[in-house]
């Protein structure tokens, strides 16, 4: 188990009661983190905050089941000037929206307050189960929508998470109203703490290859020859050079395992860039 006794703050994407805060709550409970929560408006600001403040942690999204890899997170991990910042843990949070209101009467709802993203993800529910002449009021985010309910009568509802219902003391009229029930986001905990093998670990690394035929296969063969199980691989165009692809892979094992460290040495010889993003408990 990692020691977080010296951690003062933990940063996450705001606003209050967002899905990133739910991920933050999970990490704090799982690893007994007593840090002061600090919401921030962007991944870049979180990364910079963690980079310049050693006694801090950050919670950032890395992949969504619908939109895929969160490019901003990977880019900032790649260019971070503090090479000690790494992934310490991971979790998956289902994106589950609820219909929230100060009333308990579902069939009395005549208006809804929500941000564009929530409205789009709950379109089927809104068109099929709410009145045709529904009054729709847009908000910046689900937290603002929940706060706005106090300015309207009891026939108005908002769209948000169970966390928002808890924070703003609202009733959940309908649960799981989002169209895609499989929507979920993977979050990681980042910081400059050293992790130890648990016996059930994974490692994630980022690398680029030489611009020649078979360059990627040469690196993937290293995993095959050393019997290392790859669980994830993705590629994206380089930010500075679109013709230079950056590969991200995750595989079973910890960087402190001799088999893994030996494989990293071989990969380093063939890659034009290599960064170990972290070894952490699965």
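The relative contact order of region 4-111 comes to 28 percent, based on Cα pairs under 8 Å that sit 6 or more residues apart. By the count of neighbouring beta-carbon atoms within 10 Å, fewest first, 57, 205 end up ordered 205, 57. A straight chain from residue 67 to residue 129 at 0.36 nm per residue would run longer than the Cα-Cα distance by 19.7 nm. Along each principal axis, taking the top coordinate minus the bottom one, the Cα set of the chain gives 66, 44, 33 Å in descending order. Counting only DSSP H runs of at least 4 residues, each contributing -39500 (n - 2.57), and dividing by the residue count of the chain, the helix-based mean residue ellipticity at 222 nm comes to -8000 deg cm²/dmol.
Once the Cα-Cα distance is subtracted from the 0.36 nm per residue extended length, the residue 92 to residue 233 segment shows a gain of 49.0 nm. Helix 258-270 and the longest principal axis of the C-alpha atoms of the chain enclose an angle of approximately 80°.
The angle between the Cα long axis of helix 43-52 and the main principal axis of the chain comes to about 50°, on a 0 to 90 degree scale. Sorting 164, 233 by the number of Cβ atoms found within 10 Å of their own Cβ, with the fewest placed first, yields 233, 164.
Per residue, how big is the convex hull around the C-alpha atoms of region 98-175? Give it to me in cubic angstrom, could you?
Each residue corresponds to 76 Å³ of Cα convex hull volume.
For region 195-282, a/c is not less than 1.5, where a ≥ b ≥ c are the root eigenvalues of the C-alpha gyration tensor, and a/b tops b/c. That puts it in the prolate class.
No value in this document is a laboratory result; all are computed from the given coordinates. All values derive from a computational prediction rather than experimental measurement. Neighbour counts are summed over all protein chains in view; Cβ atoms, including those assigned to glycine, are modelled from backbone coordinates with ideal geometry.
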